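A.B. asks: First the structure, which I've put down as structure tokens, then a few questions once you've had a look.
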Amino acid sequence: MIMTNIPGLIVVVPLLSAVIVALMPSGGVAWVLTLLATIATFALTVINATTGDGATVSYALGGWPPPWGIEFISDGASRLMALIISFLSVASTLYANVLIKKEIHEKDQARVYGAWLLTIGGLLGLVMTGDAFNLFVFLEISSLASVTLVAMGAGVDRRALIAGYNYLVIGAIGATFYVIGVGFCYAVTGTLNMADLAVRLPGATAAPVFVGLAFMVAGIMVKAAAFPVHMWLPAAYGYAPSAVSSLLAAIATKASIYVLARVVFTIFGGLPDVTDLLLNWVILPLSVMAMFAGTILAIYEHDLKKLLAQSSIAQIGYITLAFAIGTTSSISAGFIHMANHAMIKGGLFMAVGALMVTIGKRVTMSSIEGLGRAMPWTCSAMLVCGLSLIGLPLTAGFISKIYLVLATLDAGMNVITGLILLSSALSVLYLWKIVEVMWMRPYKGKALAENILIYGPLWLVAIANIVFGIYAKPIVDLADAAARAITGGAL
Amino acid sequence: MMSSNPVFRVTTKILFAPIIVYGLYVQFHGDFGPGGGFQAGVIIAAAFILYGLVFGMVALRKLAPPRIVALFMAIGVMIYGGVGVVSLLNGGNYLDYNALDHHDPAHGQHLGILLVELGVGVTVTSVMMVLFFAFAGYGDPKAEDDGGQG
Amino acid sequence: MLDLIASHWNYLIVVVLMLIGLYIVMSRQNLVKKLVGLSIFQTALFLFYITLGRIDGGTAPIINPDVDYVYSNPLPHVLILTAIVVGVATTALGLALTLRINDAFGSIEEDEILAAKAEDGLIEEKKS
């Protein structure tokens, strides 16, 4: 019974556990249940990814066959995304125990874990679904739950409330734009199922299809924090509780970029001239601008959490650039970078959270002076993730940069390759700033104790970075399968 | 306070039960006409909110304790999810109502929709009432809601 | 031109409402008014779907087993029920955040909040 229903169970387990966890009387019990639920989901996604012969599995919810019913598709792309989301959610949940206890009031903790599981369940539903409107429902489930999580940072810094409000309003506008686009596509084809849309859209009247694509992409770009509609991201990730920042930075925007790829390559896959126009003239230039804007703003940023958020914008630019180039190898490079960046940013935000909770104030360039000596375990894990961010060989970041550069060279875009290398070089600047302040300056404070419950999961993620930097074959294979699945083998 | 005005007081007391009956009618006639869980939930919650507006939050909290109402939020979702899980255990896909009654799939569909809408109605009623408690009772230190505010 | 407007007047109303909603979100300083604008924007979306579902000469999509009617499309109605609930949840969450912002900053006008934010935003150096 479990084996045949895995695509459904992957989404159902976190969502139903969320309800049970929110009723728990104490934060500790809630955390244990959350951890069990995330581990169970991770096990399900691993089974999903390893069994079967790689063919696309369609799971009809409610027994209604597609295209009349809602289906969950388990193809290469959704398997990879479900794996990434569930792995990072296990790591973040392990890390969250001590941090949620320190940053959030006791009586709110159980409900924070409920919202935590709702976010994870919503994102998993987002990547598994094969129905355009169902995608909106899961998108909003995960968005509203993550707004709640971000706003819980108000216990430490009241600016989290404004960040949460802006995230809510901007996110709601983005989701509504997406639904308008779906409405146009529904109007001309009469179906909401993604595979059916892909078949019917090429034959439909041209103008509504074009407008529908434009609205859908505009809405999804807001959610994915693509430049220039990324303004909600630095404040939201900067002021959220540390555990929440590490969870959201790792998985929330990736799921939206995945939706972008699904919309452009799967739903509109039969209209290559329309999507080429969109990719080459809109997404490509905006991605290049994101790469530079994010990196340059990160160089000038003092607050470490906001710095990491700005660098996230640049990394999202890399991923959307990979998708915009549009060849199978570049889409595969985009998926590789999605997987690796989830590990990198998850680890970096975990490290900054650990620093913040130990030194007791906001982590800025001035407050981390000399911390490398006072907190060696945490800071060295942060260094590993940082080196992975700039793409040092033997780390996961190097693998994704190499594949991205190879894909752009393959496509003959030498200028773009140069820009990628230039912005990578620029990102060394802000990493060097952090390293220099942390290790090269003397430490002038009192002795600090490092909690293994905090740096344990952090080292898990840092080691994953190194392991997947040396033995990258599993991720590369999954990404190749994902690229072929999402383009339907057309390219 | 509004409860000192006899028109409000008497009208609310007369209307309270018929509103709930109307809400139940809307809930169970979702199969045949406009209705279903969402609409019925809002109507039933409106009855309680009317009571709270006229007679005050203290009286409303005695009538519908906030902790119990918050518990019903979760119960409604669990009814909905539970129908899906029962379908899974009976061998169908998630939320496959045909699997609820093996001898007569049409009856299974009927039963499934009924239970699911019941879950939705319970959840929507509780959510609307919890929202009212949260907003109307905001900042009141004597309010022991589900421990959320203050 | 005029008969284009006459035949598509429902879509024009949708566009006008959408733009009004977006303009309110962008231009108004008051946080509650922004949420009202968001609500209007979402209402325009609901109208868009419902008016898509209408079929010429169709009646309400409730089956009458005796007579053979032409029914309007029921699927958009179901989709919009879901979207309305999402909109209610968004508005409720936004209002709850506005209440907390009022508590923390003392006002719900965006310019006053930005001025208060420019001073030290930390309410206290938090427990460790």
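A.B. asks: For region B:2-136, state what percent of all Cα-Cα pairs lands in each successive 5 Å bin, counting from 0 Å until the bin that includes the largest distance.
C.D. replies: Whole-percent P(r) values from 0 Å outward: 2, 11, 16, 18, 16, 13, 9, 6, 4, 3, 1, 0.
A.B. asks: Let me ask something else about it. Can you figure out the FRET efficiency of A:N451 with A:M365, using R₀ = 22 Å and their beta-carbon distance, to the nearest 0.05? Working shown, then result.
C.D. replies: Details: r = 24 Å, r/R0 = 1.08.
Calculated value: 0.40.
A.B. asks: Here's something else I'd like to know. Which of the GluC sites (Glu not before Pro) found in region C:58-123 are loop residues per DSSP with 16 or fewer other Cβ atoms within 10 Å of their Cβ?
C.D. replies: C:E119
A.B. asks: Same structure again: Using a 10 Å cut-off around each Cβ of peptide A:178-186, what is the average number of partner chain Cβ atoms that fall inside?
C.D. replies: Other-chain Cβ atoms within 10 Å of each residue's Cβ, averaged: 4.
A.B. asks: Nearest 10 degrees is fine. How inclined is helix A:376-390 to the longest principal axis of chain A, computing both from alpha carbons?
C.D. replies: Once rounded, the angle reads 40 degrees.
A.B. asks: Then there is this: Just to check I understand the Karplus step: with θ = phi - 60° and J = 6.51 cos²θ - 1.76 cosθ + 1.60, what whole-Hz values come out for region A:288-296, glycine and proline as x?
C.D. replies: Running phi through 6.51 cos²θ - 1.76 cosθ + 1.60 with θ = phi - 60° gives 4, 4, 4, 4, 7, 4, x, 5, 5 Hz.
A.B. asks: Listing A:T41, A:T358 from the residue with the fewest other Cβ atoms within 10 Å to the one with the most, what is the order? Spell out each step's value before the answer.
C.D. replies: Working: A:T41 27, A:T358 20.
By the 10 Å Cβ count, ascending, the order reads A:T358, A:T41.
A.B. asks: Quick one: check the C-alpha center-to-center distance for region A:223-238 versus region A:442-471, whole angstrom.
C.D. replies: That distance is 27 Å.
A.B. asks: How many partner chain Cβ atoms sit within 10 Å of a residue's Cβ in peptide C:77-89, on average, as a whole number?
C.D. replies: Per residue, the average neighbour count from other chains is 5.
A.B. asks: Where does chain A land at 222 nm, in deg cm²/dmol rounded to the nearest 500, when only DSSP H runs of n ≥ 4 count, each adding -39500 (n - 2.57), divided by all residues?
C.D. replies: -25000 deg cm²/dmol
A.B. asks: Tell me, what is the FRET efficiency for B:R9 and B:L71 to the nearest 0.05, using R0 = 35 angstrom and their Cβ-Cβ distance as r?
C.D. replies: 0.70
A.B. asks: Between helix C:31-53 and chain C, what is the angle of the helix's C-alpha long axis to the longest principal axis, kept within 0 to 90° and rounded to the nearest 10?
C.D. replies: Relative to chain C, helix C:31-53 is tipped by roughly 20 degrees.
A.B. asks: Give the calculated FRET efficiency between C:D3 and C:T82 to the nearest 0.05, with a Förster radius of 45 Å applied to their Cβ-Cβ distance.
C.D. replies: So the FRET efficiency works out to roughly 0.80.
A.B. asks: Another one. Okay, which of region B:47-86 sit inside 18 Å, backbone N to the point 7 Å along the Cα-Cβ direction of B:L24?
C.D. replies: From region B:47-86, the list is B:47-49, B:64.
A.B. asks: Quick one: Kirkwood hydrodynamic radius for chain C, alpha-carbon pairs, angstrom, one decimal?
C.D. replies: Here the Kirkwood hydrodynamic radius works out to 18.0 Å.
A.B. asks: Kirkwood Rh over alpha-carbon pairs of region A:155-261, then Stokes-Einstein at 25 °C and 0.890 mPa s: what D in µm² s⁻¹, rounded to an integer?
C.D. replies: Roughly 163 µm²/s, to the nearest whole number.
A.B. asks: Next question. At 7 Å along the Cα-to-beta-carbon direction for both B:H107 and C:V36, put a label point, then send me their distance in nm to one decimal.
C.D. replies: Between B:H107 and C:V36, the simple spin-label model gives 5.5 nm.
A.B. asks: Taking θ as phi - 60°, what are the ³J(HN,Hα) couplings along region B:13-21 by the Karplus curve (6.51, -1.76, 1.60), each to the nearest whole Hz, with x for Gly and Pro?
C.D. replies: 5, 6, 7, 3, 5, x, 5, 5, 4
A.B. asks: With the crude spin-label approximation of a point 7 Å out along Cα→Cβ, what separation in nm comes out for A:K473 versus A:F292?
C.D. replies: 4.1
A.B. asks: Further, regarding this structure: Zone of A:K107 (label point 7 Å along Cα→Cβ, backbone N under 18 Å): which residues in region B:40-60?
C.D. replies: Residues B:58 fall inside that zone.
A.B. asks: Which of the residue pairs A:K102/B:K62; C:K33/C:K117; A:K102/A:K345 have a Cα-Cα distance greater than 32 Å in the structure shown?
C.D. replies: Those over the limit are A:K102/B:K62.
A.B. asks: Through the Karplus equation 6.51 cos²θ - 1.76 cosθ + 1.60, θ set to phi - 60°, convert the phi angles of region A:435-447 into ³J(HN,Hα) values in whole Hz; use x for Gly and Pro.
C.D. replies: Listing the rounded values in order: 4, 5, 5, 6, 10, 8, 10, x, 9, 10, x, 7, 5 Hz.
A.B. asks: Order the peptides C:84-94, A:327-337 from the highest to the lowest mean number of other Cβ atoms within 10 Å of their residues. Provide the component values of the computation, followed by the final result.
C.D. replies: On the way: C:84-94: 19.6, A:327-337: 25.3.
By packing density, highest mean first, the sequence is A:327-337, C:84-94.
A.B. asks: Let me ask something additional. Taking Cα pairs under 8 Å and at least six residues apart, what relative contact order does chain B come out at, in percent? Mind showing how you got there, number by number?
C.D. replies: Details: 199 pairs, mean separation 39.2, N = 150.
Relative contact order, chain B: 26 percent.
A.B. asks: Given chain A, report the % of alpha carbon pairs whose separation exceeds 42 Å. Display every interim value, and only then the final one.
C.D. replies: Working: 13114 of 120295 pairs.
Percentage above 42 Å: 11.
A.B. asks: If you don't mind, there's one more thing I want to ask. Taking each residue in A:147-158, count the Cβ atoms of any other chain within 10 Å of its Cβ, then average. What number comes out?
C.D. replies: The per-residue average across the peptide is 4.
A.B. asks: Against the longest principal axis of chain A, how steep is helix A:27-50, in degrees 0 to 90 to the nearest 10, with axes from Cα atoms?
C.D. replies: 50
Every number in this text was worked out from the coordinates using simple rules, so none of it is lab data. Please read these numbers as outputs of a predicted model, since none were measured by experiment. Neighbour counts are summed over all protein chains in view; Cβ atoms, including those assigned to glycine, are modelled from backbone coordinates with ideal geometry.
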